[in-house]
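Comments concern the structure below.
The values are calculated or read from the model by the stated rules, or taken from the named source; none is laboratory data. The structure displayed is predicted, hence computed values, not measured ones. Cβ: placed from backbone, ideal geometry, glycine included. Neighbour counts: every protein chain shown. Note: areas computed on protein heavy atoms with side chains; ligands, DNA, RNA excluded. Shrake-Rupley method; radii C 1.70, N 1.55, O 1.52, S 1.80 Å.
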Amino acid sequence: MYSKQNILIRFGERVREIRKEKSLSQEELAHKADLHRTYIGMIERAEKNITLINIEKVAKALEVKVTDLFE
């Protein structure tokens, strides 16, 4: 079982990985997801426990399935 902190770290790393694969800056991803740039940074650094609604926004902005963010 994952600890709370471990799942946040893995999720943030996955968001960063996909964002970089798509050559997007944090600011560009934030704009596409209708979220603040600093919020994206906090997700990637595992400082935010992101909501399901915002997970879906990030997935759509990255043009991936929600489940892709958890691989």
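In this structure, is LYS48 over 16 Å from THR67 (Cα atoms), open to solvent by 60 Å² or more (accessible area, probe 1.4 Å) and modelled with pLDDT under 95? Step through it out loud before you land on a result.
On the way: over 16 Å from THR67 (Cα atoms): yes; open to solvent by 60 Å² or more (accessible area, probe 1.4 Å): yes; modelled with pLDDT under 95: yes.
For LYS48, the condition - over 16 Å from THR67 (Cα atoms), open to solvent by 60 Å² or more (accessible area, probe 1.4 Å) and modelled with pLDDT under 95 - is met.
Restricting the first member to segment 49-71 and to residues that are under 15 Å from GLU21 (Cβ atoms) and free of Cβ contacts under 8 Å to residues at least 24 places away in the same chain, and the second to residues that are in a helix (DSSP H, G or I) and of a type outside the set (Gly, Ala, Ser), the beta-carbon pairs closer than 8 Å and six or more apart or on different chains are ALA59/VAL66; ALA59/ASP68; ALA59/LEU69.
Residues checked against (1) charged (D, E, K, R); (2) assigned to a helix (DSSP H, G or I):
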{"residue": "GLU27", "(1), (2)": "yes, yes"}
{"residue": "LYS32", "(1), (2)": "yes, yes"}
{"residue": "LEU35", "(1), (2)": "no, no"}
{"residue": "THR38", "(1), (2)": "no, yes"}
{"residue": "GLU56", "(1), (2)": "yes, yes"}
{"residue": "ALA59", "(1), (2)": "no, yes"}
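In segment 26-39, the residues that are of a type in the set (Asp, Glu) form Cβ pairs under 8 Å with partners that are surrounded by fewer than 16 Cβ atoms within 10 Å (Cβ to Cβ), at six or more places apart or across chains, as follows: GLU27/ARG37.
Condition check ((1) over 10 Å from the mean Cα position of the chain (by Cα); (2) buried (at least 18 other Cβ atoms within 10 Å of the Cβ); (3) aliphatic (A, V, I, L, M)) across all residues:
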residue	(1), (2), (3)
ARG16	no, no, no
ARG19	no, yes, no
GLU27	yes, no, no
HIS36	yes, no, no
ILE40	no, yes, yes
GLU44	no, yes, no
GLU56	no, no, no
GLU63	yes, no, no
THR67	yes, no, no
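Total residues in segment 1-14 satisfying the condition of being among the aromatic types (Phe, Trp, Tyr) and either open to solvent by less than 60 Å² (accessible area, probe 1.4 Å) or within 15 Å of LEU62 (Cα to Cα) (or both): the figure is 1.
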